[in-house]
């Protein structure tokens, strides 16, 4: 059996964080979020962001982002309004409840990082952070037959 690819390992690590985050927030009595909603929440801002930009950042369609934003709006976490600079666009911004959710998420992430360091060792966690913070360059298309230098 071959080792899993680095991409698969990164996705598994992300899923570990996201699953624990969503369960922890729900355990605090905060609205239960889907994976897609959790991704959008990570990119929302108090002063607002265009829904089309949210879609671009999370790698989904504008329609899918609109659907998730509508669910977050029904949950009271975001509000939407027309974009004052573009009549055809809408802005999504965090509500006070959404800001509380983001604050709680930051607390949970800090605790998860400590748990991860306990499980894999502080030095491994430090090296992981350094590797993820390194400049990986632009995510351009690549030909596997050619190796970049």
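Each reported figure results from applying straightforward, stated rules to the coordinates on display, with no laboratory input. This structure is a prediction, so every number in the text was calculated from the model and none was measured. Heads up, the Cβs are rebuilt from the backbone with ideal geometry, glycines too, and the neighbour counts pull from every protein chain shown.
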Original post:
Most fluctuating residue of 46, 104, 130 in a GNM of the chain with Cα springs under 10 Å: which is it?
Top reply: 130
Original post:
Pulled fully out, how much extra length does the chain show between residue 138 and residue 119, if you take 0.36 nm times their separation in residues and subtract their Cα-Cα distance?
Top reply: 3.7 nm
**OP:** Quick one: among 88, 68, 38, which has the greatest mean-square fluctuation in a GNM of the chain with alpha-carbon springs under 10 angstrom?
**Re:** 88
**OP:** Compute the Cα gyration tensor for the chain, then decide on rounded, prolate or oblate, letting a ≥ b ≥ c be the square roots of its eigenvalues: rounded whenever a/c is under 1.5, prolate when a/b is larger than b/c in the other cases, and oblate in all that remain.
**Re:** oblate
**OP:** Quote the FRET efficiency, to the nearest 0.05, computed for residue 103 versus residue 5 with a Förster distance R0 of 25 Å and r equal to the Cβ-Cβ distance.
**Re:** 0.10
Original post:
At residue 56 and residue 126, where each label point lies 7 Å from the Cα along Cα→Cβ, what is the point-to-point distance in nanometres?
Top reply: 3.8
